[in-house]
Structure formats: structure tokens, C-alpha cells
Amino acid sequence: MSDPAPYASPVTPPVAPPMAEGSFEKGLGAAVGAALLGAVGWAIVTVVTDYRIGFVAVGIGFLVGMAIERFGGGDPRLPVVGAIVALAGCVLGDLLAEAHIIAKDVGISIWTVLQKPDSLWRVYTHVFRAFDFVFYAIAAYEGWRFAKRGVLRMRAAKAAAAAAAAAPGAPGTYPGHRPWRPDRRPALR
């Protein structure tokens with residue numbers, strides 16, 4: 001008879017995903033930081049390319065959502081916050097890009113343009129297109145979606161931790177159950 005040791009493997013319970021370290025405050029702070037970073041990035045892309053690229057708005061939504069997923073701790077309020085912050089980041093990025101365009105066209109510094117927010121807002125609303133709204137909506141959805149994914153991952157981690165704590169034996173076992181082992185095979189006749 002062959003040695004069953006090569007076929008035997010220890011039964012180890014599956015490892016539960018780690019519980020996320022985070023909170024509403026950390027998630028909100030990370031989202032705002034990501035939105036500011038994305039807005040400045042959008043302005044830089046506009047300055048370098050001399051063209052407003054709407055796809056950057058989707059990137060802002062992605063950044064905001066990922067920041068919330070990473071630092072939000074699974075707080076169920078954060079997906080809505082993620083959508084709002086992503087939208088605000090898009091508007092800020094567009095405003096910074098418009099400020100650069102105005103400063104370049106008029107021949108003044110960008111700081112002078114930023115000191116007149118009412119004039120900047122009028123220009124922004126005048127050049128706003130329906131296509132911009134599409135990218136803003138996608139960015140808000142991305143901010144919501146990735147934040148929601150963080151909430152769902154946290155729920156799954158909590159459920160796995162609760163299941164591991166409640167089961168006295170290895171997962172999938174119950175009282176009187178003997179796990180299958182190769183050395184307990186019925187003999188073939």
C-alpha cells in the first residue's frame with residue numbers, strides 16, 4: 001500500500017480579509033485630498049496640452065472613490081459623500097483650468113483671475129457644455145461606486161470574522177463530521 005502522506009495536507013481555514021483601518025473622518029479627508037489632487041492635475045493637464053480633456057473628470061472620480069475605499073473603514077455614508085466630493089473636484093478642476101485659460105488670453109496672472117471668483121464663475125457657466133455634464137456624472141458615479149465597494153468589502157470582512165469566531169472547528173465542519181483523508185478510502189474489491 002502506498003504512503004498517504006504525500007496526499008495528505010493539513011486543513012487550514014481560509015484567511016479572512018483584513019479589517020480595514022479607517023473611519024468616516026479619515027475617508028472624508030482622503031476624499032477631499034484626492035479631489036484637490038485631481039483638480040490640480042486637471043489644471044496641469046490643461047496647461048500642458050492647452051486643451052480641456054473631460055476624461056480627467058473620470059480620473060478624479062476614480063481617485064476619490066479609491067481614497068474612500070482605502071481610508072473610509074466601510075462607513076455606509078461615504079458612497080454618497082464620494083459622489084459629491086468627486087463632483088466638487090471636477091468643478092474645481094474645471095475652474096482652475098478656466099482660470100489658466102483666462103489668465104493666458106488676457107495676459108494677467110492666474111492669481112488675479114482667482115481673486116475674482118464671481119467673474120470666473122460667469123465664464124465657467126458660459127463655457128459649460130452638456131458634454132461636460134456627462135463626464136461629471138461619470139466621475140460622480142465612479143466616486144460612489146468605489147466607495148460602495150469599500151463598504152461591501154468591510155461587510156464581507158466582518159461577516160468572515162464573525163463566521164470564523166463562531167465556528168469551533170475548521171470552516172465547513174460540524175459536530176460528528178470527519179473530514180475526508182486519503183488513508184480512509186474504502187477498499188476497492
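Note on Lys116: lysines with a C-alpha under 23 Å away, same-chain residues under 8 apart excluded, are Lys104. Of Arg153, Arg52, the order by accessible heavy-atom surface (1.4 Å probe, DNA, RNA and ligands excluded), from most exposed downward, is Arg153, Arg52. Computed from backbone phi with θ = phi - 60° and the Karplus coefficients 6.51, -1.76 and 1.60, the 3J(HN,Hα) list for the stretch 55-62 is 4, 5, 4, 5, x, 5, x, 4 Hz; x is used for glycine and proline. Positive contributions from Lys and Arg (+1) and negative ones from Asp and Glu (-1), summed over other residues with Cβ under 15 Å from the Cβ of Lys148, come out at +3. The residues Phe24, Phe55, sorted by heavy-atom accessible surface at 1.4 Å with ligands and nucleic acids left out, run Phe55, Phe24 from largest to smallest. Over the stretch 109-168, accessible surface divided per residue gives 67 Å², non-protein components excluded, 1.4 Å probe. Cross-link candidates for Lys148: which lysines have Cα within less than 21 Å, leaving aside residues fewer than 8 places away along the same chain? By straight Cα distance, Lys148 reaches Lys26, Lys158.
Each residue of the stretch 133-143 is assigned a 3J(HN,Hα), and the resulting list reads 4, 4, 5, 4, 5, 5, 5, 5, 5, 4, x Hz, derived from the Karplus form 6.51 cos²θ - 1.76 cosθ + 1.60 (θ = phi - 60°), x at Gly and Pro. Between the stretch 67-124 and the stretch 20-66, what is the separation of their alpha carbon centroids in Å? That distance is 9 Å. The accessible area of Lys148, taken with all protein chains in place and a 1.4 Å probe, comes to roughly 60 Å².
The values are calculated or read from the model by the stated rules, or taken from the named source; none is laboratory data. Owing to the predicted nature of the structure, the values given are computational and were not obtained by experimental measurement. All Cβ positions, glycine included, derive from the backbone under ideal geometry; neighbour counts span all protein chains shown. For accessibility, only protein heavy atoms count, side chains too; no ligands or nucleic acids. Shrake-Rupley method; radii C 1.70, N 1.55, O 1.52, S 1.80 Å.
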